[in-house]
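Read the figures in this text as sums done on the coordinates, not as results from a lab. This is a predicted model, so every value here is computed, not measured. Positions of Cβ are generated from backbone atoms using ideal geometry, with glycine treated the same way; all protein chains shown enter the neighbour counts.
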Amino acid sequence: MSGSEVSIKKMSELLKSGATMLSEACPICSTPLFKLRSGEVICPVHGKVQIVKSDEELLSITTISVLDELEKFTISTINRLRKELEMRDSDIKNEEDIKLLNTWLEVLERIRRLKILIERSRRTT
């Protein structure tokens, strides 16, 4: 099934379950948004969508989204490096490998700190 067929199937399932199609579209993929009975607004492709009321809110949400993707990439890179180190025959690991792994762990820590700071600033505004 192609991507558009999958999204059409998800949209029809949402309608069958009682969701309402909204006039607004997902800012990422332009697919129509749906309002669930619970009041939650979702995109059939991306899941939960946040409706923003200001440019500041949009910037904050966009930044969090980018950081989420960067966090996933960083974790997969750390995992890949870990697996590579495990597969090596030698018990002694190269110092450069350890530095590289440490650098990626620092990147992960910075991403998580930034997300916390952004979330705190969103709550105070």
> Based on the Cβ-Cβ distance of LEU105 and THR62, what FRET efficiency does E = 1/(1 + (r/R0)^6) give at R0 = 25 Å, to the nearest 0.05?
Replying inline: 0.45
> How many angstrom separate the Cα center of the range 64-125 from the Cα center of the range 1-54?
Replying inline: 31 Å
> For the range 5-62, what size does the Cα cloud have along each of its three principal axes, sorted from largest down, in whole Å?
Replying inline: 35, 24, 16
> Where the only charges are on Cβ atoms (+1 Lys, Arg; -1 Asp, Glu), what is the dipole of the chain about its Cα centre, to the nearest 20 debye?
Replying inline: 560 debye
>> Taking every pair of distinct Cα atoms and averaging 1/r, then inverting, what Kirkwood hydrodynamic radius in Å comes out for the chain?
In response: 17.8 Å
> Just going by the charge dipole of the chain, with Lys and Arg at +1 and Asp and Glu at -1 on Cβ, which of SER4, LEU114, VAL52 is farthest out on the positive end?
Replying inline: VAL52
> Membrane-span-like helices in the chain: DSSP H runs reaching 18 Å or more (Cα, own axis), mean Kyte hydropathy at least -0.5?
Replying inline: 3-16, 55-87
> How big is the Cα convex hull of the range 55-124 in projection, averaged over all directions, in nm²?
Replying inline: 5.0 nm²
